[in-house]
Amino acid sequence: MKILAIESSCDDTAAAVVEDGREVLSSVIASQVPEHILYGGVVPEIASRRHCESVSGVCREALSTAGLTIDDIDAIACTYAPGLIGALLVGVNFAKGLSYSTGKPLIPVHHLRSHIASNYITHKDLKPPFLALVVSGGHTHLINVKSYTDYEIVGRTRDDAAGEAMDKAARTMGLPYPGGLNMDRVCADGDPASYKFPSPKIQGSELDFSFSGLKTAVINLVHNLTQKGEEIDVKNIGASYISCVVNILCDRTQKAIDIIHPEKLVLAGGVSANSVLRREMKKLADKNKIELFVPELKFCGDNAAMVGSQGYYEFLDGKTASLKLNATAALDIDKNVTI
Ligand code: KG4
Ligand code: ZN
């Protein structure tokens, strides 16, 4: 079964063709980074407008790269939640139009489910159940993935997401957007033990995360140094900050492993590209004698191939939508649309 998938939840307009959930026949991304870099972050209104301009072209390119026409496609999948509402609406409405004009089924895909599925296209034999740590710009979740479409959230952030905390810290230190990615590159040879940051715990919820205190701490540190006229030691501050975020992620993941006893651990989301996180999670998996799965770097950030993969499993589970499908800015991964 060949699925044409569309992703527009944030600042990338993407389309892909995926066969039977595992074979990526094409994956096209129109990045908006050069535009948003001017503002230090994603400007939602600009993102929506660029999606409108790009969506048709990326779909055409995804089809032509795969050597196919729309007649060869069996279903249309699109990200419908969660994300920037104006951005999601572009992909959803384009997908609805394609579904209406071709008579092909419409498959709604949850963004975090698709991030997890980036591992299905990277590791062809990976199957649920497993424990997943999903770390993106907007979400930080520990999820017990029971099947391709059955999820239990076992831990979540109470405030900021890990990616957001990385981006804000990077911006405070003067690094360009996308901050997390640039901090990873610039601070790779910094000393992670040179600065100490707070590592908050949430009483009564040992699997939950909190990153806002950490974010405030780095902002205060940088402002204090600036006021005293001292130089910002970007490499060492960044390396220490990344180390603190990764330690928090590893600590909660270890606790979840102790409770759930999974055989497999899966990383997903934009922050899963982080070199320190990948290295430390490998150590943690080895210590627990469980297998670690991480997405190929090109599938860590937002892309449509992961949407095409998850769309296949949603389709097998009967989760198609009517043309009443709407975009939703906030929706937990364990919920389904009822359309
Ligand atoms: O999953 P994603 O592409 O978009 C959302 O669904 O939010 O994640 C984007 C996030 C951003 O916060 C970005 O800074 C972060 O992933 N990110 C990284 C790295 N690459 C992207 N954070 C740390 N290290 C990286 N190498
Ligand atoms: Zn994402």
Quiz item: Between Lys228 and Ile260, what is the FRET efficiency for a Förster distance of 51 Å, r being their Cβ-Cβ separation, to the nearest 0.05?
Solution: 0.60
Practice problem: Please work out whether the range 128-296 counts as rounded, prolate or oblate from its C-alpha gyration tensor, where a ≥ b ≥ c are the square roots of the eigenvalues and a/c under 1.5 means rounded, while otherwise a/b larger than b/c means prolate and anything else oblate? | Solution: prolate
Quiz item: Mind checking which aspartates and glutamates have their C-alpha under 17 Å from Lys287, skipping anything on the same chain fewer than 8 residues away?
Solution: Asp251, Asp258, Glu263
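Just the number, please: carbon plus sulfur as a percent of the accessible area of the range 152-260, 1.4 Å probe, no ligands or DNA/RNA counted. List each step's numbers first, then the result.
Details: 2470 of 5060 Å².
Answer for the range 152-260: carbon and sulfur cover 49 percent of the accessible area.
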Self-check item: Table column - 3J(HN,Hα) (Hz), the range 212-224, Karplus curve with 6.51, -1.76, 1.60, x for Gly and Pro
Solution: 5, x, 5, 4, 4, 4, 6, 5, 4, 4, 5, 5, 4
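Report the charge-dipole magnitude of the range 128-296 in Debye, nearest 20, computed about the Cα centre from +1 at each Lys and Arg Cβ and -1 at each Asp and Glu Cβ.
Values: 20 positive and 21 negative charges, 26 e Å.
Once rounded to the nearest 20, the dipole reads 120 debye.
Please identify the GluC sites (Glu not before Pro) of the range 2-76 that satisfy two criteria: DSSP loop assignment and at most 16 other Cβ atoms within 10 Å. Which are they? The partial results should precede the final answer.
Working: sites: Glu7, Glu19, Glu23, Glu35, Glu45, Glu53, Glu61; in loops: none.
Answer in residue order: no site qualifies.
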Quiz item: Which whole-Hz couplings ³J(HN,Hα) result when phi for each residue of the range 7-19 is put into the Karplus expression 6.51 cos²θ - 1.76 cosθ + 1.60, θ = phi - 60°, listed in order with x for Gly and Pro?
Solution: 10, 8, 7, 9, 10, 10, 9, 9, 9, 8, 10, 10, 9
Self-check item: Helix-only CD estimate at 222 nm, as mean residue ellipticity for the chain, using -39500 (n - 2.57) per DSSP H run (n ≥ 4)
Solution: -13500 deg cm²/dmol
Quiz prompt | Rounded Å value of the spacing that divides the Cα centres of the range 285-339 and the range 230-281 | solution = 22 Å
Quiz item: Using θ = phi - 60° and the Karplus curve 6.51 cos²θ - 1.76 cosθ + 1.60, what whole-Hz ³J(HN,Hα) does each residue of the range 184-189 get, with Gly and Pro shown as x?
Solution: 4, 5, 5, 9, 4, 9
Self-check item: Estimated dipole of the chain in Debye, rounded to 20 [Cβ of Lys and Arg +1, of Asp and Glu -1, Cα centre]
Solution: 380 debye
Quiz item: Cα-Cα over 27 Å: which of Lys168/Lys201; Lys2/Lys283; Lys2/Lys324; Lys168/Lys319?
Solution: Lys2/Lys283; Lys168/Lys319
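Please calculate how many Å² of accessible area the chain carries per residue, with a 1.4 Å probe and no DNA, RNA or ligand atoms counted. Intermediate results must be reported in sequence, preceding the final value.
On the way: 14050 Å² over 339 residues.
Per-residue accessible area for the chain comes out at 41 Å².
The values are calculated or read from the model by the stated rules, or taken from the named source; none is laboratory data. Bear in mind the structure is a predicted one, so any value in this text is a computation, not a measurement. All Cβ positions, glycine included, derive from the backbone under ideal geometry; neighbour counts span all protein chains shown. Just so you know, the surface numbers come from the protein's heavy atoms only, side chains and all, with ligands and any DNA or RNA stripped out. Shrake-Rupley method; radii C 1.70, N 1.55, O 1.52, S 1.80 Å.
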